[in-house]
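Heads up, the thing below is written out as structure tokens.
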Amino acid sequence: MMASSIPPSLIDSLTDDPKSWSTVPGLISVAQVTPSGLSLLFRTAQEMRDTVRNGGGGDDRLKGKTLATVFYEASTRTACSFQAAAVRLGGKYDHYAGLEKGAKGGAELAEAVGDITTKSTGTDAIVLRHPVRGSVGEVMHSATIRPIINAGDGTGEHPTQALLDLFTIWDELQLEQQGKDAQKDRTRLVVVLLGDLKHGRTVHSLAKLLARAGLD
């Protein structure tokens, strides 16, 4: 889906910086998503999860669409997650792996990704993982590149993993209802993050999301 085909109302509901989505749509950082946007994403995730659990398998909203998963770092779990999602929504995918010795970043990477995805018939969106921080954002702003999702850029961010982590917290602890109750008694949920906080890209994204969600 290209920028011009995304309803402005949907962009406004997800972000407080429409330019970050409307110029070249893509998810590079969790900073693009507002608190109200999180609620929209989580409600949609619940609906889609329930569809799968009830035996529906998915739907066909991506029928005729092709997702390219381009990984300059190996990650079977992340790649398969995106690929399974595309298939459940009626689309298909092309996977490009074993690229560890490929383009280092910048214009070279944008050109390489462009070359790869033009060989993929009718690529509509790209999921990109690369070991250099900020590299996915550089590729997104190339005029020749399709809508792009950051699947991890070095020590930068891993927005989709963090969104999944926060959704799990939100869903398991029923925070939508607790949030309403908290307005009455002013209680807050405290989340402790452990591990390599300096270099962990997922925790970088998750810390920002927790703050946006009003959690400590």
Tell me the label-point distance for the pair residue 115, residue 199, using the 7 Å Cα-to-Cβ offset, in nm and rounded to one decimal. 3.0
Beta carbons within 10 angstrom, averaged per residue: use that to sort the peptides 61-72, 76-87, 193-204, highest first. 61-72, 76-87, 193-204
Two pseudo-spin positions, 7 Å from Cα along C-beta at residue 52 and at residue 211, lie apart in nanometres by 3.1
Filtered GluC sites (Glu not before Pro), region 60-162: DSSP coil and at most 12 other beta carbons within 10 Å: 100
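We did not get these values from a lab; they are worked out from the coordinates using the rules stated. Please read all numbers here as calculations on a predicted model, not as lab measurements. As a convention, Cβ positions derive from the backbone with ideal geometry for all residues, glycine included, and neighbour counts pool all protein chains shown.
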